[in-house]
Amino acid sequence: NYKQTKLNCFQVDPYCCQRRTPLQHHNKLLTDAFEILEENAEYIESSNDTKGYSRNLAYRRVLAVLRSLPQAVTSVKQIKDVKHIGGHSQKIIQELLEEKCCLEVEEIKRSVRYNKMKLFTGVFGAGVSTARRWYDTGMTSLNDVIQHNEDRSTAQKYGLAFFDDLNMPVLKAEAEQVKSIVKNITESILPGVSVTVTGGFRRGKTVGHDIDLLISHPKEGAEIGLLGKILEKLQQLNLILYGSHNKCTYSERHFTEEPRDPPTNSQMDHFEKWFGIIGLPKISTEKTVLIAENDASDKSIKDLVDLSKSEKSWTAKRVDLIIVPSSQYFYGLVGWTGNKMFNRDLRLYAQKELNMRLSSHGLYDLTKGCLLTSNSEEEVFKYLKLPVIPPELRNC
Ligand code: TTP
Ligand code: MN
Ligand code: MN
Ligand code: MN
């Protein structure tokens, strides 16, 4: 009887947004291996491939399933009929269960290409295509890239120069520190404003790669022009190292009824936002200290490297500031909490199963032809006819 229970087959709902997926799950031996396969597939796939079959996406689906299982897989038979786990993945699982490691994965881990691509995609501002170009040009180290005389975006210059700082895991306490700096500044400009830590930290992660802050005000429209003032203040305090302010030139600042954007899996939204790097004081002090050099797009990469290596009282941290109008707040919150796979399936599920279009701006019922406004995160799930999945269980 015990043996039978152990061999019970797993059943999973097809969309990961229907499942509960904790950060700590039961199949780490398997997911560690599939994470390598997933990354490697992303490095190999060309970006214009994404319309067709994507091995990277297939592996991400396998990962999402494995992370959501209520128990450890002990036999490949248990997952024989599980959705998203195809023949090749089953073979890998079998090998992992029997040998505790997988030859294909070990080969990837040893491969030069995988390791260089991992290094180069770890540079802020460099995506897979940039990393591939650097790799194909024959560069093998960050120093090669720094020395090489090629056109680099300002973001990439900062990413290269502050690579060590930016690849130090961001701690939850540091996220809270940045949140209170931003909150204090913002409150002095616009009383009653809310600043929320989203992204991985809201899903219960204790470390992250950046700090995602949602900024909103209960009075619709009060947030217009706010971000510019916040950035001015941050600049005066010398906290900004680099930043890119997306002013949201999009005429539809508010979600329109017209479902003219294809309901895709794209994460792109139209909120006014800022992606940047701040210099966070190493020791939290009452007074704000002058810490970082001002934004210097004219600075040479050599100067930036010198600055990063200098004795400094601050650490470079990636920060995202997103301005969300009150009427779109809970959709923005769901979108910016993630994770990316959860969002992807949430949108796909809404489209396929409910004929609704979901984005970070709102939910549009295409059958009824109306917009569904929401006053809580729970309400978003209710409209979508899904159980309320708390943020800590969205780690697909
Ligand atoms: P990220 O900060 O990229 O990821 P994360 O916070 O989940 O993980 P990490 O700890 O490594 O930082 O994005 C946060 C969430 O915001 C992510 O789940 C997807 C969403 N998002 C958008 O909705 N729009 C965007 O333009 C981006 C970049 C992210
Ligand atoms: Mn990846
Ligand atoms: Mn994040
Ligand atoms: Mn982010």
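We did not get these values from a lab; they are worked out from the coordinates using the rules stated. Just so it is clear, the structure is predicted and the values come from calculations on it, not from any experiment. Cβ placement follows ideal geometry from the backbone for every residue including glycine, while neighbour counts extend to all protein chains displayed.
With the contact rule set at Cα under 8 Å and sequence spacing of 6 or more, what percent relative contact order holds for region 2-108? Reported relative contact order: 37 percent. Kirkwood radius and radius of gyration were both taken over the C-alpha atoms of region 160-396, and their ratio Rg/Rh is 1.00. With the alpha-carbon atoms of the chain aligned to their principal axes, the span from lowest to highest coordinate is 68, 55, 39 Å, starting with the largest. Our summary gives the chain a relative contact order of 18 percent, counting only alpha carbon pairs under 8 angstrom and 6 or more residues apart. Dipole orientation for region 311-396: of the candidates Tyr349, Leu393, Val324, Tyr349 has the Cα lying most toward the positive pole (charges on Cβ; Lys, Arg +1; Asp, Glu -1).
Note that region 112-151 shows a convex hull volume over its alpha carbon atoms of 63 Å³ per residue. At a Cβ-Cβ separation cutoff of 4.7 angstrom, cysteine residues of the chain with no neighbouring cysteine are Cys9, Cys17, Cys101, Cys102, Cys248, Cys370.
What translational diffusion coefficient, in µm²/s and rounded to a whole number, does the Stokes-Einstein relation yield for region 2-108 at 37 °C and a viscosity of 0.692 mPa s, taking the hydrodynamic radius as the Kirkwood radius over Cα pairs? The diffusion coefficient I find is 228 µm²/s. With helices as the sole contributors, the chain gives -12500 deg cm²/dmol at 222 nm; each DSSP H run of n ≥ 4 counts as -39500 (n - 2.57), and the sum is divided by every residue. Normalised by residue number, the volume inside the convex hull of the Cα atoms of region 86-159 is 110 Å³ per residue. So which lysines can Lys368 reach, going by Cα to Cα under 23 Å and dropping same-chain residues fewer than 8 places off? Within the straight-line limit of under 23 Å, Lys368 reaches these lysines: Lys352, Lys382, Lys385. From the largest down, region 100-255 spans 56, 44, 33 angstrom on the principal axes of its Cα atoms.
So which trypsin sites (Lys or Arg not before Pro) in region 167-242 are both in a DSSP loop and have at most 12 other Cβ atoms within 10 Å of their Cβ? Let's see the in-between values first.
Details: sites: Lys172, Lys179, Lys183, Arg202, Arg203, Lys205, Lys219, Lys229, Lys233; in loops: Arg203, Lys205, Lys219.
For trypsin sites (Lys or Arg not before Pro) across region 167-242 that sit outside H, G, I, E and B with at most 12 neighbouring Cβ atoms in 10 Å, the list reads Lys219.
Remark: the chain carries a charge dipole of roughly 960 debye about the Cα centre, counting +1 on each Lys and Arg Cβ and -1 on each Asp and Glu Cβ.
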